[in-house]
Amino acid sequence: MELASRFWRAMGFADIGQAKALTEADVLALRRLAGLVEAGLLSEPMAVQVARSTGQTTARLAEWQIDSFLEGLTEPPEPGMTRTEVTYPLVELLLPELEEFLIYVWRRQLAAATGRVVQAADDEEMVDRRLAVGFADLVGFTRLTRRLEEEELGELVEAFETTCADLVAAHGGRLIKTLGDEVLYCADDPGTAAEIALRLIETLSHDETMPALRVGIAFGEVTTRMGDVFGTTVNLASRLTSIAPKDAVLVDGALAEELTRTGEAPASEAAAAEEAARAEKEGRTPPRTASPSSRCGSARSAASVWSNPGSWAAAPLRISR
């Protein structure tokens, strides 16, 4: 019973008193999880993590979907009915299809995550991996909250998060989390992370309702746990974002060096200018290239600004380590 209570709390539900009872479905779910522990397939701490990750993720999902349903109900189906009165029958009607859809998406995401683990070079890389981590932040959002009505602010945040999620996924990145006026994403290689950053600024700059955007990216070892990322690389990306100019991308030296090494960025601004001139002469679109900044101390202390539309501007900034 003690283990079942731990699972129940980890799923995000309050303790059940003596006056209340679990449903048959509740008991079955708890027995299944306990059975995995008894069979030795999961340790007790691992089972608690499974319960917590599932509970937290689905709690947010349920709240998000209910809010979406209510927003979509501009008019009640019958005169005199409130949107609240419509919610339960609507959810009851949608439940079977939503349940099937949820299982399908979860299976696809589980397969993708498993694939990334299989591709890891060794056991250590499964937890500590070299990733490009990026933060995209709306400039002046705090001031904006004082000017906009709550509904307008909610619509702006929804549009920002939707645009970011679409672009990150479309270009092969992974959206780690959204923080209202900021999103955190990562990619397996620097080129993908950099392309996502450019696309974000390019897309949002064409939306007059959106504030300016700034992006910071760092490349290095990252610890992944419970769907989140941690470590000095993540902290550096966050600091880069805080000092990046508006409508620009600020990257660390490690990422700039990797782009140069792989040929996705020229070794100098002169090389970038030569390539642009050659492309123009041949009638091609100039490539979106990068010119690393002059090195200031170690690779970690050197940074470059990647400005829209498509070229890197040298910026010998010192980033604290």
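The values are calculated or read from the model by the stated rules, or taken from the named source; none is laboratory data. Computed from a predicted structure; not experimentally measured. Quick reminder, even Gly has a Cβ in these numbers, built from the backbone with ideal geometry, and neighbours come from all protein chains shown.
So here's what we get for this one:
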{"item": "Some residue of the stretch 169-180 being over 23 Å from TRP64 (Cα atoms) and in contact with a strand residue (DSSP E or B) (Cβ under 6 Å, 6 or more places away or on another chain)", "result": "no"}
{"item": "Set ILE16, ILE66: member being closer than 30 Å to VAL157 by Cβ, of a type in the set (A, V, I, L, M) and modelled with pLDDT under 85", "result": "ILE66"}
{"item": "Scope the stretch 142-191; condition in a helix (DSSP H, G or I) and under 12 Å from the mean Cα position of the chain (by Cα); matching residues", "result": "GLU161, THR162, THR163, CYS164, ALA165, ASP166, LEU167, VAL168, ALA169"}
{"item": "Scan of the stretch 11-33 for residues that are within 22 Å of ARG107 (Cα to Cα) and touching a helix residue (DSSP H, G or I) at 6+ places or on another chain (Cβ under 6 Å), ordered by number", "result": "MET11, LEU30, LEU33"}
{"item": "Residue list for the stretch 247-293, restricted to those being of a type in the set (Ser, Thr, Tyr) and at pLDDT 70 or above", "result": "THR260, THR262"}
{"item": "Residues that are within 23 Å of ASP188 (Cβ to Cβ) and assigned to a loop (DSSP other than H, G, I, E, B), drawn from the stretch 205-233", "result": "MET226, GLY227, GLY231"}
{"item": "Residue in the stretch 159-173 that is closer than 22 Å to VAL50 by Cα and either surrounded by fewer than 14 Cβ atoms within 10 Å (Cβ to Cβ) or β-branched (Val, Ile, Thr) (or both) present", "result": "no"}
{"item": "Total residues in the stretch 153-190, condition without any contact (Cβ under 8 Å) to a residue 40 or more places away in the chain and of a type in the set (Lys, Arg)", "result": "1"}
{"item": "Among residues of the stretch 16-64, those that are assigned to a helix (DSSP H, G or I) and among the hydroxyl-bearing types (Ser, Thr, Tyr), counted", "result": "4"}
{"item": "Selection status of ARG31, of a type outside the set (Val, Ile, Thr), surrounded by fewer than 16 Cβ atoms within 10 Å (Cβ to Cβ), at pLDDT 90 or above and at negative phi", "result": "yes"}
